[in-house]
Amino acid sequence: MTHCDLDVLKHQFPIVKLFIYHLIYARIVRESYRTSQIQNEFWSLTSDAHLLRAVNYWCMVFGKDNEATHWKCLVKKSKDDVRAFREGLFRETGLDEDGWRDYWTGITTFRDKYAAHRELEPFTDPVPDFDNTLLVAHYYDWWVRNIVAPPGIWEEPPLKQFTQSLQQSTIPLINKLLVETKKMAVMAVEP
């Protein structure tokens with residue numbers, strides 16, 4: 001077991017969990033809104049806001065090394081631990097080093113040039129696919145629980161299980177709210 005900085009962990013882990021909340025909410029709201037076929041800017045903006053928040057949280061831990069909450073800070077940037085984490089990350093995502101660098105650049109560019117900052121020139125790149133960001137978060141959770149942190153400190157289930165539970169509880173809620181939104185839109189146009 002590797003030694004980890006528990007002070008970093010107590011800040012870092014909740015950020016990864018917040019990333020999952022916002023990514024799952026963004027995905028569920030976007031898909032449910034799309035299939036509901038209603039037109040309501042609240043739902044469109046809500047989905048976008050969750051995605052922007054998700055990418056910001058993800059980059060706090062997996063973005064640039066100078067973040068105080070970057071994953072490397074957990075193991076004090078130990079070369080062996082960093083190498084081992086990256087090897088596991090490549091296995092989890094199915095990406096090689098070049099593929100990972102390209103993917104990471106796409107996510108961090110989206111964050112830097114659209115989600116957290118804006119430039120005068122419009123951001124025209126496509127919104128990146130976030131499937132691998134979720135795999136990274138789940139791998140990080142496994143790595144922290146099994147390799148880095150001392151055993152017995154976890155009071156909650158693994159993040160992969162949390163993600164599934166969050167999806168199951170959020171889908172019916174969002175669908176119900178969209179049905180109510182549709183009813184309100186109909187009532188607003190009736191004389």
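The values are calculated or read from the model by the stated rules, or taken from the named source; none is laboratory data. Predicted model, so just to flag it, every value in this text is computed and none were measured. Glycine also receives a Cβ, built like all others from the backbone with ideal geometry; neighbour counts cover every protein chain displayed.
Residue count for region 64-77 under the criterion of being assigned to a helix (DSSP H, G or I) and over 15 Å from the mean Cα position of the chain (by Cα): the result is 3. Quick check on Val75: is it of a type outside the set (Ser, Thr, Tyr) and closer than 14 Å to Val16 by Cα? When the stated conditions are applied, Val75 does not pass them. Each residue in region 125-158 was checked for being touching a Leu at 6+ places or on another chain (Cβ under 9 Å) and closer than 22 Å to Asn56 by Cα, and 15 of them qualify. Of everything in region 61-78, what is at negative phi and surrounded by fewer than 21 Cβ atoms within 10 Å (Cβ to Cβ)? Give them in sequence order. Listed by number, the residues that qualify are Lys64, Asp65, Asn66, Glu67, Ala68, Thr69, His70, Lys72, Cys73, Ser78. Residues that are more than 28 Å from Arg30 (Cβ to Cβ) number at least 3 in the following helices (runs of 4 or more DSSP H) confined to region 78-160: 79-93. Taking the stated definitions as given, is Val148 within 27 Å of Lys10 (Cα to Cα) and modelled with pLDDT of 90 or more? So Val148 fails the test. Scoring Asp81 on the criteria (1) of a type outside the set (A, V, I, L, M, F, W, C); (2) surrounded by 15 or more Cβ atoms within 10 Å (Cβ to Cβ); (3) closer than 29 Å to Leu177 by Cβ; (4) modelled with pLDDT under 95 leaves a single failure, condition (3).
All of Val16, Val55, Val61 fail the test of being touching a Lys or Arg at 6+ places or on another chain (Cβ under 8 Å), of a type in the set (A, V, I, L, M) and either within 30 Å of Leu177 (Cβ to Cβ) or part of a helix (DSSP H, G or I) (or both), apart from Val55. Could you go through region 122-138 and let me know if any residue there is surrounded by 14 or more Cβ atoms within 10 Å (Cβ to Cβ), of a type in the set (A, V, I, L, M, F, W, C), under 16 Å from the mean Cα position of the chain (by Cα) and modelled with pLDDT under 95. No, because not a single residue in region 122-138 is surrounded by 14 or more Cβ atoms within 10 Å (Cβ to Cβ), of a type in the set (A, V, I, L, M, F, W, C), under 16 Å from the mean Cα position of the chain (by Cα) and modelled with pLDDT under 95.
For region 55-64, the criterion of being touching a residue at least 12 places away in the same chain (Cβ under 8 Å), farther than 29 Å from Glu155 by Cβ and not hydroxyl-bearing (Ser, Thr, Tyr) is satisfied by at least one residue. Whenever a residue of region 163-178 is under 21 Å from Lys17 (Cα atoms), its partners that are surrounded by 13 or more Cβ atoms within 10 Å (Cβ to Cβ), lying with C-beta atoms within less than 6 angstrom and at least six residues away or across chains, give the pairs Thr163/Ile20; Leu166/Ile24; Gln167/Ile24; Thr170/Ile28; Ile171/Ile28; Ile174/Ile28; Ile174/Val29; Ile174/Ser32.
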